[in-house]
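A quick write-up on the structure given underneath.
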Amino acid sequence: TAWLTLTGYRSIKAVKATTPHGHQLYNWLATPTTGTPKGTIVFYHGNAGNVLAQFPLVIPFVQKGYRVVVADYSGYGLSDGKPTRRHIRADAATVLAAARQMPDVAGAPIILYGQSMGGQIAGARAV
């Protein structure tokens, strides 16, 4: 059996973003299959793993009708660089700015969500 069921998704695709430090970040964008998304969630994961490892936590949001950008950090997964505090702060800002520029996001709600270490990152971006 599959460890991850991908029903209910219009698309799951990689979304690249370049940080001010020149690091290439590889993020994922998951879009629900039906209707117009209720909004966009920028999901900042914890310190263990990367977008793939954290993706099961995203499934309920997409099933509830939200578009989700799963952010990765410098030095995580396929992303360039080293995961320092300074880089991760810049990564969070870069992913949020990239999400705001995506088609169909302008004017729609953007929700910042963090899991574990990502909670501090999301909170810092929200202030």
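Nothing in this text is a laboratory measurement; each read-out follows from the coordinates by a stated rule. Model, not experiment: these values are computed from the prediction. Methodologically, a virtual Cβ is constructed for each residue, glycine included, from the backbone with ideal geometry; neighbour enumeration extends over all protein chains shown.
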Original post:
When each pair of different Cα atoms in the stretch 43-105 is counted once in the 1/r mean, what is the Kirkwood radius in angstroms, to one decimal?
Top reply: 12.5 Å
Subject >> Proximal charge balance of Tyr113 [Cβ under 13 Å; K/R count +1, D/E count -1] >> reply: +3
**OP:** Could I have the simple spin-label model distance between Asp104 and Ala124, label points 7 Å from Cα toward Cβ, reported in nm to one decimal?
**Re:** 3.2 nm
Original post:
At 222 nm, what helix-only mean residue ellipticity would the chain give, in deg cm²/dmol to the nearest 500, using -39500 (n - 2.57) for each DSSP H run of four or more?
Top reply: -7500 deg cm²/dmol
Subject >> the stretch 13-127 - charge dipole about Cα centre, Lys and Arg +1 at Cβ, Asp and Glu -1, debye rounded to 20 >> reply: 140 debye
Original post:
What translational diffusion coefficient, in µm²/s and rounded to a whole number, does the Stokes-Einstein relation yield for the chain at 37 °C and a viscosity of 0.692 mPa s, taking the hydrodynamic radius as the Kirkwood radius over Cα pairs?
Top reply: 227 µm²/s
